[in-house]
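Data block below; observations after.
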Ligand code: FUL
């Protein structure tokens, strides 16, 4: 389907100057004389007024591929490779391929579970940063072909593509531009300073012809040629590819290597015409890996250069990417949808089934509602284990998430209602033009009262773009309209969550818009509220408070805490002896003192039991004393903040050559089993990638007991645990930072803990 609009002038609009003129005459979806596709990118001209810019923004629509990708809504990521076996987040590139010791693989099981969860597409890390390839590439020996998997003949991408076909899932590939094998190997191609010359893609390999006879000529160096050859393989030999995922993360760079992205793009557009490209012009990273969503996720955003010819794309992490104020400062307006990517497990790769945390179904369902219902796509990673399947815990969560999605959104409580039929007919192609004679509000009347606590709204973004800036929903209660929910933009989809109401009539009001909005869908749903998700917080004295987890952002129009409103009438029970808490466990009434112990808590609403929250708390920090630290900048960043039990404050060492350290007297002798480093999340400076832990009895003579390395801190600054090989008895500890993520000359620490 091509998005269309009609206008009354004769010329077909080509240039954006004409576009600027024409959109004054347009009204999306009305008139009948001529229809042309709306653009997904528009230039802002020097003399465009602020109103012109907003009108232009209101006419930017997704491309056909983007529109298809938006409708996938919930998709899967699979991180699998040597890291699955070495239990690391980032490999080094120097691993022996034999570490990929895969004896069994069940991609059918992955697909069955992803299908049950309601996912539509799966993206495999065909090559992660370590450079190890999961398919039978002609262009490297560093991959499955050199491992014992299926006698060196195994091909994970092939098995997955076959399972995808069998189960009706779309396939995507992740190919890391950063390649540590090609960086570290003496004959590696990455950054080898080779000449840019004209080369034919794919390069012929004797005895391994391609079925697809397309060839390309590009002016490239060795690494770009290698990358293009591999893209050619994965895009032509594994069925249709729907997404190509380019990670912006680079554990290391070398030799000033650059990427000839225009060549990559040309090859992808030719060989996978239905694919969206992530990390470049089609789909953008949401800006975090924690499942946090923006209150207003605009998919019409700005670029300083034309994104359709650009080579460089940086990560967009600001909170506001598309408000009017931001648009006024842009040079190009561009449709680029957000993907909310996070992992079901702590970290992207499988480590174990004992210590590695797995998100519970409340959490996954909550992210689903915020991501999909917040104008983005939800990309959830499920890392297979060393037996080549999803672990039972992950399966349980995914299957239950799918059930909740179907139970909640499978039934529209407005079925049979009277109101604008375009919003009630379930057809995304029909829409109600609000404004003009229609006004900017409409009423929907049900044949009988219904009880609901969710309303889903959609704009016809493919036809008319994103226009709603503020909206509200009212219910007719006790003889008057009562506002039950409100939010900012809608875009592809908005899910409003609110305490349940029983009503026969609802009213949708668009209270601010860029232009008359086209609403394509309104439905009401009931989510059977579960006992709330819990959160712990411990103070310096060791007292732990247990409370409902705050929603990632506040959906309540009146500024009250939405999670609090949605969760009433619950009780909390806990244990400190490692057993699973039941109603017979200790009842939580006030903060609990915990030291060197595991606290497990669960909430109950009536007889229904919520999910258990469990956390190991280490040594209480009350008596800790700072011995010494590498410089202090000012009060806010003083070293005491590294152990004040408050993640919002942090220590930043004085700029200078590494190593930097912080030495702490723990107040008395303790047995230490592990260290937890909590990075600060205010900016990306000073994240401690490598370091050592030293201990001392007198705070003067130190001995090194452990060294650690943490990967992926910049994109995923979540707490990192380092377990000691053997328990260590000491009174003083010194943490010495030897490597900073992305380099830099100072270290930052939000919190240090010892277990
Ligand atoms: C990050 C990578 O560094 C992680 O390992 C993971 O692949 C994630 C999806 O992107 O930037």
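The values are calculated or read from the model by the stated rules, or taken from the named source; none is laboratory data. Only a predicted model underlies this, so the values are computations on that prediction, with no experimental measurement involved. FYI the Cβ positions are ideal-geometry reconstructions off the backbone, even for glycines, and counts take in every protein chain you see.
Before moving on, here are some points about what is shown:
- Hits in the range 371-406 - residues which are more than 14 Å from residue 342 (Cβ to Cβ) and in a loop (DSSP other than H, G, I, E, B): 373, 375, 384, 385, 386, 387, 388, 389, 390, 391
- Number of the exception - residue 367 against (1) under 30 Å from residue 517 (Cβ atoms); (2) free of Cβ contacts under 8 Å to residues at least 12 places away in the same chain; (3) within 16 Å of the ligand (Cβ to nearest atom): (2)
- The residues of the range 391-449 that are out of contact with any strand residue (DSSP E or B) (no Cβ under 9 Å at 6 or more places or on another chain), in contact (Cβ under 8 Å) with a residue 40 or more places away in the chain and over 30 Å from residue 345 (Cα atoms) amount to a single one, 436.
- Count - residues of the range 120-134 that are touching a strand residue (DSSP E or B) at 6+ places or on another chain (Cβ under 8 Å), part of a loop (DSSP other than H, G, I, E, B) and within 16 Å of the ligand (Cβ to nearest atom): 3
- Of all residues in the range 680-693 being outside any loop (DSSP other than H, G, I, E, B) and under 25 Å from residue 646 (Cβ atoms), the one that is nearest to the ligand (Cβ to nearest atom): 689
- Per the conditions (1) at pLDDT 95 or above; (2) surrounded by fewer than 17 Cβ atoms within 10 Å (Cβ to Cβ); (3) touching a helix residue (DSSP H, G or I) at 6+ places or on another chain (Cβ under 9 Å), the sole criterion not satisfied by residue 454 is (2).
- Scan of the range 312-350 for residues that are modelled with pLDDT of 95 or more, within 13 Å of the ligand (Cβ to nearest atom) and in contact with a strand residue (DSSP E or B) (Cβ under 8 Å, 6 or more places away or on another chain), ordered by number: 339, 340, 341, 342, 343, 344, 345, 348
- Taking each residue of the range 118-136 that is more than 30 Å from residue 400 (Cβ to Cβ) and looking for partners that are assigned to a strand (DSSP E or B) and within 13 Å of the ligand (Cβ to nearest atom) with beta-carbon atoms closer than 8 Å, six or more apart or interchain, yields 127/174; 127/175; 133/126; 133/127; 135/126.
- Any hit, the range 639-647, residues being closer than 21 Å to residue 542 by Cα, modelled with pLDDT of 95 or more and touching a helix residue (DSSP H, G or I) at 6+ places or on another chain (Cβ under 6 Å): no
- Residue in the range 284-303 that is away from the ligand (no atom under 15 Å from the Cβ), over 24 Å from residue 47 (Cβ atoms), assigned by TED's automatic domain parsing to the domain that holds residue 125 and without any contact (Cβ under 8 Å) to a residue 40 or more places away in the chain present: no
- Take the conditions (1) touching a helix residue (DSSP H, G or I) at 6+ places or on another chain (Cβ under 9 Å); (2) surrounded by fewer than 23 Cβ atoms within 10 Å (Cβ to Cβ); residue 207 misses just one of them, which is (1).
- Criterion: in the same structural domain as residue 643 (by TED's automatic domain parsing), modelled with pLDDT of 95 or more and surrounded by 22 or more Cβ atoms within 10 Å (Cβ to Cβ) - qualifying residue of 730, 737: 737
- Here is the figure for the range 72-93: residues that are assigned to a loop (DSSP other than H, G, I, E, B) and more than 12 Å from the ligand (Cβ to nearest atom) total 4.
- Complete set of residues in the range 86-119 that are crowded, with 22+ Cβ neighbours inside 10 Å and in contact with a strand residue (DSSP E or B) (Cβ under 6 Å, 6 or more places away or on another chain): 114, 119
- Any hit, the range 176-198, residues being assigned to a strand (DSSP E or B), over 20 Å from residue 274 (Cβ atoms) and touching a strand residue (DSSP E or B) at 6+ places or on another chain (Cβ under 9 Å): yes
- Selection from the range 239-258 of residues that are more than 16 Å from the ligand (Cβ to nearest atom) and either surrounded by fewer than 21 Cβ atoms within 10 Å (Cβ to Cβ) or under 17 Å from the mean Cα position of the chain (by Cα) (or both): 239, 240, 254, 255, 256, 258
- Of all residues in the range 234-250, those being out of contact with any strand residue (DSSP E or B) (no Cβ under 9 Å at 6 or more places or on another chain) and either within 17 Å of residue 156 (Cβ to Cβ) or modelled with pLDDT under 95 (or both) number 3.
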